Amino acid sequence: MVKVSRKELILQTATRFFAIKGFKDTSMVEISQSTGVASSTIFYHFKSKEALLLAILADVRETITTDFEHYFSRHRFASGLEMIEGAVKFYLHLAGDREDLFLLLHRHYPYELAEVNSICREHLEAIHICLVKLFETAICNGQADGSIAALPARNAAMIVYSMVDGIVRFNTYKLYQAGALYNDLIAALHRLLKK
């Protein structure tokens, strides 16, 4: 069993609370009680609740980026179109495996904070740009190998990302299982991207 530090425990617990209850409806007292860590210790590590959220977003950014880097370093794809399929499949897997992170990213408050906090905005932009760039890279590879039509790669990547993340939102909010739409999503992407 891996022992986590108090700081990691605070981050994990706060991520769960902020994802489920929302930032505004979560108190630092709840986090303290749930972790068994004194409020003063929480404030030692994170000067405010907002600072705690920013640390969580930095962690989400690192986690998602690292997970995708590991996935792509372990897989080889015959074409850019196959790479898109792999990225979609892994995105759906990751959203299910790290449900709290995606629920947090689908909450309104981080984006509201990003309007007035440049660090928050930087983290959110980096997360979304990283994901769009994965799809864009696959599209560019597919255009180079002939498996994907000549179209503006960045725009197509944003459309692909929006489709995939929209399906993940259905899953996040328990409206529909994302996996049930996988084959239809892949068919739609083929229609959009193939020559």
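Quick note: the coordinates plus some simple rules give every number you see, no bench work behind them. Nothing here was measured: the structure is a model prediction, and the numbers come from that model. In this analysis, Cβ positions are derived from the backbone assuming ideal geometry, glycine residues included, and neighbour counts consider all displayed protein chains.
Summary of values
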read-out	value
Order of THR15, THR66 under a 10 Å beta carbon neighbour criterion, fewest first	THR66, THR15
Principal axes of segment 94-158: Cα extent on each, largest first, Å	42, 28, 14
Fully extended contour minus Cα-Cα distance, from ASP25 to SER39, at 0.36 nm per residue	3.3 nm
For segment 56-193, alpha-carbon Rg and Dmax in angstrom	15.0, 44
Charge sum, other residues only, whose C-beta stays under 10 Å from PHE18's C-beta, Lys/Arg counted +1 and Asp/Glu -1	+3
For a label point 7 Å along the Cα-to-beta-carbon line of ARG154, residues of segment 162-195 with backbone N under 14 Å	none
Segment 56-193: relative contact order in percent, alpha carbon pairs under 8 Å with at least 6 residues between	30 percent
Segment 106-124-segment 126-157 distance, computed between alpha-carbon centres (Å)	25 Å
Environment charge of MET28, counting only residues whose C-beta is closer than 13 Å and scoring Lys/Arg +1, Asp/Glu -1	+1
Solution diffusion estimate, µm²/s, Stokes-Einstein, segment 1-67, Kirkwood Rh from C-alpha pairs, 10 °C, viscosity 1.306 mPa s	131 µm²/s
Acute angle (nearest 10 degrees) that the helix 80-97 long axis makes with the longest principal axis of the chain, alpha-carbon atoms	20 degrees
Modelled FRET efficiency - R0 22 Å, THR66 with ASN117, Cβ distances, 0.05 increments	0.40
Tilt relative to the chain, helix 182-193 - C-alpha long axis, 0 to 90 degrees, to 10	60 degrees
Violating pairs (Cα-Cα greater than 25 angstrom) within the set LYS133/LYS194; LYS7/LYS133; LYS21/LYS174; LYS7/LYS89; LYS47/LYS133	LYS7/LYS133; LYS7/LYS89; LYS47/LYS133
